[in-house]
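Everything on this sheet refers to the single structure shown next.
The values are calculated or read from the model by the stated rules, or taken from the named source; none is laboratory data. This one's a predicted model, so the numbers in the text were calculated from it and none came from an experiment. No Cβ is skipped: glycine too gets one built from the backbone with ideal geometry, and neighbour counts run over all protein chains shown. The accessibility values were calculated without ligands, DNA or RNA, using every heavy atom of the protein model including side chains. Shrake-Rupley method; radii C 1.70, N 1.55, O 1.52, S 1.80 Å.
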Amino acid sequence: MLAKQMEAESLDHKQPESVAAVLKVFAILQALTEQEEVGISELSVRMAMPKATIYRFLQTMKSLGYVRQAADSERYSLTMKLFELGTRAPRYPDLVELAKPEMERLSALTAETIHLGMLIESEIIYVHKVDSRHMLGMYSRIGRRAPLHCTAIGKVLMAWEDPGRREALLANVQFKKYRDNTITSREAFDVELDRTRVQGYGEDREEFDDHIRCLGVPVFDRHGKAVAGLSISFPTFRYHEERKAEMVQLLHEAGQAISAGLGCAGYPPALRR
C-alpha cells in the first residue's frame, strides 16, 4: 500500500523535482523490503519508472552502502546498514518532553546546569540541557558526546546496565585520562560502579572537565532498564559537600517523575549486578 502511494506521488509532475526524487528513492527502498533480491527490469515494470532512472538511484544507494548487488545475478537487495540506521532512531521519543519540566524545576531550585544524557555506542550523548542561571557554568551543548568512565551520567548508565551488555560496551572503552582524577583502569571503574549502585547516584569529581563536579541519577523505562541519566553540574567553587544529600534528593525526585512518565512503577528498580 505504501509503495503504491509512493509510486503514485512520484509520478505527480506537480511535485518539485527534489521531492519527487526523494519519493522515488523511498519507493525503491520499500520495494526492496518486499523480496530478498530484485532486478532492474522487474523494478521498472512494478514502479512504472524508466530503467535508467532505477539504475541511477540504485547505484547511488549502493555507493552509500544501503544496497548491494549480487555478482552472479546482478540483482539488488538491502544491506544491514538500513537496519542499523533504524536501531539508532530514538526508542523513547517522549523522553525529552517528559524531562523538560523536571529539568526546569531542578534548574530553578539549584541555578546550575542540568543535563539529560543517553547511551550511544560506547559514549553518552547529551539530548537536552538547561543552562546555569549563573554567569559561570559548565560548557556543553545538546548533541555533545562524552565518555562513560568519567561522567556521572555514564556511571549511572553502566551501573544499572544489563551485565552482559555492560561487558560488551566497556570492552570498547579506552579509559583515557582527561584530568588528574580520571579513572584509568577497568578494575578501578568496576569499584566505582559498585559504589554508584550502593549509594544510588553517580559522581564526576573533576574527572572530565576542569573545575567541574557532577551528580547524576538514572532514568528508567517500564521494564526497569536505565535508558537515560539526569545530572547537575557545578563549578567546584559553588559545590558544597554538605549540600550533596539535598542535591541527590532533588535529582531522585526528578528521575522518579520522568521514569513514571515512561511507565516505571518502582523507582529505582532492583540493582543489576
Looking only at the stretch 150-204, which residues are β-branched (V, I, T), more than 21 Å from the chain's Cα centre (by Cα) and under 28 Å from E246 (Cβ atoms)? T182, I183, V191, T196, V198
Which count do you get for residues in the stretch 251-273 that are touching a helix residue (DSSP H, G or I) at 6+ places or on another chain (Cβ under 6 Å) and part of a helix (DSSP H, G or I)? 4
Determine whether the stretch 166-173 contains at least one residue that is out of contact with any Cys (no Cβ under 9 Å at 6 or more places or on another chain), of a type outside the set (D, E, K, R) and under 23 Å from F234 (Cα atoms). no
Inspect the stretch 12-30 for any residue being surrounded by 13 or more Cβ atoms within 10 Å (Cβ to Cβ), touching a His at 6+ places or on another chain (Cβ under 9 Å) and at pLDDT 85 or above and give the result as yes or no. no
Going by the structure shown, is H115 part of a loop (DSSP other than H, G, I, E, B), open to solvent by less than 20 Å² (accessible area, probe 1.4 Å), under 21 Å from G202 (Cα atoms) and at pLDDT 85 or above? no
Qualifying residues in the stretch 162-177 (those that are part of a loop (DSSP other than H, G, I, E, B) and without any contact (Cβ under 8 Å) to a residue 12 or more places away in the chain) - the one farthest from A228 (Cα to Cα): K177
Reported set for the stretch 35-56 where residues are surrounded by fewer than 17 Cβ atoms within 10 Å (Cβ to Cβ) and outside any helix (DSSP H, G or I) is Q35, E36, E37, G39, A48, P50
